[in-house]
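The values are calculated or read from the model by the stated rules, or taken from the named source; none is laboratory data. Computed from a prediction, not measured in an experiment: that's the story for all the values here. Every residue, glycine among them, receives a Cβ derived from its backbone with ideal geometry; neighbour counts consider all protein chains shown. These accessible areas exclude ligands, DNA and RNA; they are computed on the full protein's heavy atoms, side chains included. Shrake-Rupley method; radii C 1.70, N 1.55, O 1.52, S 1.80 Å.
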Amino acid sequence: MANLVNSKLGGCQKKTVLQVQKLCRKPPIVVGSVESVRGGSWKGNKLGIDGLRLLLDSSRKCRRRTSIAVTSKLSSSTPHIKVPNLLSDKEKMLANYIPVFVMLPLDVVTAENVLKNKGDIEKQLKQLRSADVDGVMVDVWWGIVESKGPKEYNWSAYRSLFELVKKCGLKLQAIMSFHQCGGNIGDVVNIPIPQWVLKIGESNPDIFYTNRSGNRNKEYLTIGVDNQPIFGGRTAIEIYSDYMKSFRENMEDFLKARLITDIEVGLGPAGELRYPSYPESQGWVFPGIGEFQCYDTYLKSEFQEAAMQAGHPEWELPDNAWEYNDIPESTGFFRSNGVYLTDRGKFFLTWYSNKLLIHGDQILDEANQAFVGCKLTLAAKVSGIHWWYKDKSHAAELTSGYYNLDDRDGYRPIARMISRHYAILNFTCIEMRDSEQSGEAKCGPEELVQQVLSAGWRENIEVAGENALPRYDRAGYNQILKNARPNGVNRDGCPKLRMFAITYLRLSNELLKGIKFRVFKSFVKKMHADQNYCSDPAKYYNPVVPLERSKSMVPIKALLEATKPTKPFPFNAETDLAVGGAFADWLDNVIEKFTSLYK
C-alpha cells in the first residue's frame, strides 16, 4: 500500500500505481446508523444540530434492521486488481476512455409483457453498435414482471430482449424500476406499479406519498411503509428484495456471461432517490418549488414521535410551504428569514432528508445481498434539481429531500451512504448550461453538477451521468464531455477527474438519422478519447470485479459530518475534446442542403 497514490480525486488518479501492477479497490466510506429491535420502536441518535435529537424512524412495526456505516479503512478481504502497464501512447490515451450507453425506449417491453417490434429494435441496436456505443440501459419494470400477483414473476420478455442485446454485441445496464412510468417529465407511456399493490391502496391509500392537501401519488410507495408488513405479510423493502433475488436467479446466465455490467437500483419516482415533489400529473410546471410529500399516516406518525423524542411535541409538519407552483418568497417556509432557518425548520428538514437516506440505504443493502459475488456494479441515481439552486432557500431541492444550502452540503452524505455498498452515484442534467436556463428561476445546473460530482469523488466513489432531456446538438454534447473529464484529457495516462460512464437519453428514430446520428457518432468517439471501441474495461481502468458485501455500520454522527460544505473541484470552462461548434453546425447544414438537392 505504500506505493498506492490515493488522492481522493475521481477517475484514474485514485488508481495510480507507482512501480507496481496491483492495486486495491477504492476504500469505501460508509455512513451513519439506525437500529431497531424487531417488534419495538426505533431509537433516535443525537444530531448535534442546534442541540436537537432526531428520531430517525418511529415505526413500531419495523421488520428489518437498518444500518448505514462509515469507514475509511480497507478491508482485509479487498481483492487486488491487475492494472495494465501504460507503455504506448495508445494505452495512455485509453486511460481517458469513458464508455457510452444509450437508454432504450420506455416501452421496449410493453405493459402486456411483450418485446415490442423485435426486428426494428435489432436494427437500431446494430446501428448503435456501428457507432461504437458500448451498451444500452433498460428499465425492468416491477409493474410488468410482477403484475399478476405477489411473487408471480414473468421475465420472458426481458430474457428475449437481453438475448437480442447480447446478439448485437452490446453490454447492458438494467434498472430495477419500482416506480410507475407516467406522470413525470419525458414519460410517454403508462406502466403502473402492480395492480395487486394498487388494490391494497384502495383500502389503505396511505401506502402512497401524500402532500399537505391530501393528494395521493401512486407512482411509488411511500417510504413510510418500507418496514410495514402490510403487503400479504411482506414489507415494501422485502418486496423489492424478493424482486431483485428473482432477477438474479432468472438472469444468471446473462450475469455469468458478463452481459449485464450495472444494476441501477430504483429508489424513488423516476428511479431516483428523492420524494415525488414535482409531479406533472398533479399540475406541477417548471419552475415551481414543489411540495413536501410526508403527510401519509405513517410518516406523520413517525414525525410526531420524533418531535416528542426531541422534546418538542408541539412541532408539526410544515403548513406554510404552500403549493407546487409557488416561488420561494411567496411562502412562509422558504422566504427570506423563513421557517426553514429556525430550529423547528432545521429539525424537520433533517428528519425529512434522513428518512430518504435510510430508505436508500436499506434498499441498496438488499440489492448488495442479492447480487453479491456478481461481476457488476451497483448504481443509485440522484436527480438534478437545478431550479432555485441559486436561491438561498434551495426550495426545490428541499422539497425533493435534498437538504442542501449554501452552508450545508446535501449531497455528500448521499455519496457517503452509497459508498457503503460499493455502488456508484449516477447524476442527471449533465448536459445543461446556466445560460440556457431561466434567470427568474435562479437555475444553476453547472454549479450543481460540479457540487454533486465533487461530493462523490471526495467520498472515493465512482460517479456516472446522464442527460436529463434529449439533446442532439453539439453544445449539449460538449457540455457532457466537459463534465465527463472536468480537467480535460491526460495524454500521459489517467486524467485527474473522470466519470465512470455516460448514459445517453434516449434511443429513437430521430437520433439515428442524418446529421444527428453523425454528430452523435462524433460524440461517442470523443467520449472514447478518440480511441477505437474497447471491450475490456480493465484497459481503461474500470476493471470488473465481484461485488463485495456492504460494509458495517457506525453512528450517524459520521454521516452528518459530511454536511460540512467544501469547495468543489475546479472544472475547466470548456472541453478539450469537442465535437465542434458553430462552424461545424453551419457546415452540416450546408451539406444537408446539398444532399437534399441531390436526392
Inset, instruction - Keeping to segment 95-136, report how many residues are within 22 Å of residue 153 (Cβ to Cβ) and in a loop (DSSP other than H, G, I, E, B). - result: 10
Inset, instruction - For segment 207-224, state whether one or more residues are hydrophobic (A, V, I, L, M, F, W, C) and in a loop (DSSP other than H, G, I, E, B). - result: no
Inset, instruction - Collect the residues in segment 462-501 that are of a type in the set (A, V, I, L, M) and either over 22 Å from the mean Cα position of the chain (by Cα) or open to solvent by less than 20 Å² (accessible area, probe 1.4 Å) (or both), keeping them in residue-number order. - result: 463, 464, 475, 480, 481, 484, 489, 497, 499, 501
Inset, instruction - Select, from 237, 185, 200, the only residue that is β-branched (Val, Ile, Thr) and touching a strand residue (DSSP E or B) at 6+ places or on another chain (Cβ under 9 Å). - result: 200
Inset, instruction - Would you mind finding the one in 422, 504 that is of a type in the set (Phe, Trp, Tyr) and either open to solvent by 20 Å² or more (accessible area, probe 1.4 Å) or touching a Leu at 6+ places or on another chain (Cβ under 7 Å) (or both)? - result: 422
Inset, instruction - Sort through 346, 256, 300, 355 and tell me the only one that's basic (Lys, Arg) and in contact with a Phe, Trp or Tyr (Cβ under 8 Å, 6 or more places away or on another chain). - result: 346
Legend entry - Residue check for residue 356: in contact (Cβ under 8 Å) with a residue 24 or more places away in the chain, assigned to a strand (DSSP E or B) and not acidic (Asp, Glu): no
Legend entry - Residues being assigned to a loop (DSSP other than H, G, I, E, B), in contact with an Asp or Glu (Cβ under 7 Å, 6 or more places away or on another chain) and open to solvent by less than 10 Å² (accessible area, probe 1.4 Å) - total across segment 180-193: 0
Inset, instruction - Those residues that are touching a helix residue (DSSP H, G or I) at 6+ places or on another chain (Cβ under 7 Å) and modelled with pLDDT of 90 or more, I need them from segment 545-565; list them, please. - result: 547, 549, 550, 562, 563
Legend entry - Given (1) open to solvent by 60 Å² or more (accessible area, probe 1.4 Å); (2) over 25 Å from the mean Cα position of the chain (by Cα); (3) within 18 Å of residue 480 (Cα to Cα); (4) not aromatic (Phe, Trp, Tyr), number of the condition residue 591 does not satisfy: (3)
Legend entry - Candidate set: segment 510-550, residues that are loosely packed, with under 14 Cβ neighbours inside 10 Å and without any contact (Cβ under 8 Å) to a residue 60 or more places away in the chain; chosen: the one nearest to residue 421 (Cα to Cα): 536
Inset, instruction - Please tell me if residue 91 is out of contact with any Pro (no Cβ under 9 Å at 6 or more places or on another chain) and either under 21 Å from residue 527 (Cα atoms) or not in a helix (DSSP H, G or I) (or both). - result: no
Inset, instruction - Taking the residues in segment 495-525 that are touching a strand residue (DSSP E or B) at 6+ places or on another chain (Cβ under 7 Å) and in a loop (DSSP other than H, G, I, E, B) as candidates, determine which candidate is farthest from residue 456 (Cα to Cα). - result: 507
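Give the residue that is most open to solvent (accessible area, probe 1.4 Å), with candidates limited to residues of segment 194-248 that are charged (D, E, K, R) and touching a Gly at 6+ places or on another chain (Cβ under 9 Å).
Only one residue tops the list, namely 218.
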Inset, instruction - Return yes when residue 379 is in a strand (DSSP E or B) and at pLDDT 95 or above and no when it is not. - result: yes
Inset, instruction - Please state which one of 292, 334, 348 is part of a helix (DSSP H, G or I), touching a helix residue (DSSP H, G or I) at 6+ places or on another chain (Cβ under 9 Å) and of a type in the set (A, V, I, L, M, F, W, C). - result: 348
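Scan segment 112-159 residue by residue and report those that are closer than 30 Å to residue 239 by Cα and open to solvent by 50 Å² or more (accessible area, probe 1.4 Å).
Residues satisfying the conditions are 112, 114, 116, 148, 150, 151, 152, 153, 154, 156, 159.
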